Amino acid sequence: MSPGNRSYSLAMGVVVLLLYGCATTGRQPIHDGSNMIPSMGTRGAQCCAMAKAVSRQKALAKTAVRFVGKSRVEIGGRHYNPDCSGFVRGVYASQRVDLYGGLGELNGGNGVGRIYTHVVEHGRIHYGPTVHPGDLVFFHNTWDFNRDGLPNDPLTHVGVVEKVEPDGTVLFVSSLSNGIERYRMNLQHPDIHKAPDGRVLNHFLRRKESRDVPGTRYLAGQLFAAFGTLTR
C-alpha cells in the first residue's frame with residue numbers, strides 16, 4: 001500500500017470514532033490500538049521545515065494571527081463557536097473554504113472530526129517533513145472527552161500553522177480555554193517543554209488532573225496526530 005493510500009485508509013478508519021471535540025487543555029499517552037490514528041513513532045521525526053506557500057495559504061496564516069488575543073472569530077458578520085474547531089473554520093471561511101462542506105450526513109460528529117474528514121476528502125493528511133503556513137495541525141488526547149480516565153480520545157484539538165522556526169519548531173494558532181493564542185510544537189524534541197536557553201519547544205496542550213493515569217502526556221509534540229493540507 002502506498003503512503004498516500006495508507007494515510008487515506010487510516011483516516012477513513014477513524015471516521016466512525018469522530019464523536020470527540022476540542023476543549024480546554026490536555027495531555028495523555030497515545031494509545032496505539034487499531035482504533036487510533038498513528039501518532040509520533042517515526043511519523044514526524046524528521047519534521048519540520050517551511051514549504052513555499054501559495055497566496056491562499058499565506059492569507060490563512062495571516063488571518064489566524066489576526067485573531068491572537070481574542071476570544072472568538074467573526075468573519076463576514078458571522079460569529080463562529082469559541083472553540084478550536086470554530087476558530088479554524090472561521091479562518092478558512094475567510095478564503096471561502098467551508099471545512100464542514102459536504103459533511104452534513106455526519107450527524108452527531110464533532111467539529112475536529114468533521115474537519116479532519118474534510119481534509120481526507122479534499123486534501124492531504126501528512127506528517128511532514130515540510131509544512132505550509134495555513135496548514136491544519138491535529139492532536140489526540142488533549143482532554144479526556146469520554147471521561148473514562150483512559151488515553152483513547154482521538155482528534156480532540158486542531159490549530160492553524162503560522163510558520164516554522166529555524167530549529168524546526170512549528171508555530172501554530174489555536175483556541176483553548178484562555179482564548180486564541182500562539183503555541184509551539186517541536187516534533188524532534190516532543191518530550192521537552194523548554195530548551196536550556198529558555199525557549200519554549202512544546203507548549204502544554206493538556207491540563208494536569210489528579211486522576212491522570214501513569215504515563216499521561218501533556219506537550220504538543222507528544223499529542224501530535226497529523227498535519228492537513230487542502231489541495232482544492
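The values are calculated or read from the model by the stated rules, or taken from the named source; none is laboratory data. All figures in this text were calculated on a predicted structure; none of them were measured in a lab. Neighbour counts are summed over all protein chains in view; Cβ atoms, including those assigned to glycine, are modelled from backbone coordinates with ideal geometry. These accessible areas exclude ligands, DNA and RNA; they are computed on the full protein's heavy atoms, side chains included. Shrake-Rupley method; radii C 1.70, N 1.55, O 1.52, S 1.80 Å.
Looking only at the stretch 73-81, decide whether some residue is in contact (Cβ under 8 Å) with a residue 24 or more places away in the chain and charged (D, E, K, R).
no
Inside the stretch 55-72, can you point out the residues that are in contact (Cβ under 8 Å) with a residue 12 or more places away in the chain and either touching a Ser or Thr at 6+ places or on another chain (Cβ under 7 Å) or open to solvent by 20 Å² or more (accessible area, probe 1.4 Å) (or both)?
Arg56, Gln57, Lys58, Ala59, Thr63, Val65, Val68, Gly69, Lys70, Ser71, Arg72
Within the stretch 138-160, which residues are over 9 Å from the mean Cα position of the chain (by Cα) and β-branched (Val, Ile, Thr)?
Thr142
Considering only the stretch 181-232, how many residues are among the β-branched types (Val, Ile, Thr), within 30 Å of Gln95 (Cβ to Cβ) and either buried (at least 24 other Cβ atoms within 10 Å of the Cβ) or over 17 Å from the mean Cα position of the chain (by Cα) (or both)?
Matching residues across the stretch 181-232 total 2.
Residue by residue, here is whether (1) at pLDDT 90 or above; (2) farther than 28 Å from Ala51 by Cα; (3) of a type outside the set (D, E, K, R) holds:
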| residue | (1), (2), (3) |
| --- | --- |
| Arg78 | yes, yes, no |
| Arg96 | yes, no, no |
| Gly102 | no, yes, yes |
| Glu121 | yes, no, no |
| Pro129 | yes, no, yes |
| Asp135 | yes, no, no |
| Trp143 | no, yes, yes |
| Thr156 | yes, no, yes |
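Of the residues in the stretch 68-102, how many are outside any loop (DSSP other than H, G, I, E, B) and over 24 Å from Val120 (Cα atoms)?
4
Would you please name the residue that is farthest from Val88 (Cα to Cα), looking only at residues in the stretch 161-170 that are under 16 Å from the mean Cα position of the chain (by Cα) and open to solvent by 10 Å² or more (accessible area, probe 1.4 Å)?
Val164
Report, by residue number, each residue of the stretch 124-160 that is touching a helix residue (DSSP H, G or I) at 6+ places or on another chain (Cβ under 7 Å), of a type in the set (A, V, I, L, M), open to solvent by less than 10 Å² (accessible area, probe 1.4 Å) and not in a loop (DSSP other than H, G, I, E, B).
The answer is Leu136, Val158, Val160.
Regarding Val65, is this residue closer than 24 Å to Arg184 by Cβ, at pLDDT 90 or above, part of a helix (DSSP H, G or I) and touching an Asp or Glu at 6+ places or on another chain (Cβ under 7 Å)?
yes
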